[in-house]
Every structure is written in C-alpha cells, then in structure tokens.
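A quick write-up on the structure given underneath.
Quick note: the coordinates plus some simple rules give every number you see, no bench work behind them. Predicted model, so just to flag it, every value in this text is computed and none were measured. Neighbour counts run over all protein chains shown; Cβ positions are idealised from the backbone, glycine included.
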Amino acid sequence: MSAGMQAVREFILGRNPELAELADDMDLIDSRAINSLAFVEFIFLLEELTGEATDPEDLDLDDFRTLGALEARFFRKEAGR
C-alpha cells in the first residue's frame, strides 16, 4: 500500500472511531465514512498527497466510493510517472 493510501485510510479511520477497519470495497459514501462535512477537508488531503489540484467540476462521486476507486483515480497514475 502506498504512503498516500495509508494516509487516506488514517484520515477516514480517524474521523470514524467506530470503524475497526476499512475493506477496499466498502462504500465510503453510503456508509458515511466520508460525509459532507469532511468531504472538503478530504479533497484538500488528496490534493496535498498527490500534488495536484482537484477541479470540483471534474469530480465524480464514484471516484470516492471505495478505497479501490480512490487509489485508481488519485494514486495509480503516480506510479506511471
């Protein structure tokens, strides 16, 4: 697991102490692990971790649904650089 994905896991678990662990396929939005109050802060975290600005117009909620989707959208492209 990349350092970026580890930071994402820590962010989510830190805001959801009732969660013991996060499955890669857990729906983070439907489960409210990422809620509307933390979403903006979460976007800032992703920008910090990836070094890229995120245009709100280009956001697709499916990119945030699971840890796997987050990794594919924000972190896998880093490996190809």
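Quick check on the chain: what are the equivalent-ellipsoid semi-axes from the Cα gyration tensor, as sqrt(5λ), descending, whole Å? Don't skip to the end; give the middle numbers.
Values: eigenvalues 71, 42, 28 Å².
Values for the chain, descending: 19, 15, 12 Å.
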For region 15-24, Karplus couplings with θ = phi - 60° (6.51, -1.76, 1.60), whole Hz, Gly/Pro x: 9, 9, x, 6, 8, 7, 7, 10, 7, 4
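Would you tally the net charge around ARG32, using a Cβ to Cβ cut-off of less than 12 Å, leaving ARG32 out, and scoring K and R as +1, D and E as -1? If you can, show how the numbers build up before the last one.
Values: positive: ARG15; negative: GLU18, ASP27, ASP30.
Neighbour charge sum, excluding ARG32 itself: -2.
Counting helices only, and only those DSSP H runs with n ≥ 4, report the 222 nm mean residue ellipticity of the chain as the sum of -39,500 (n - 2.57) divided by its residues, in deg cm²/dmol to the nearest 500.
Values: 4 runs with 36 residues, N = 81.
Estimated from H runs of four or more residues: -12500 deg cm²/dmol.
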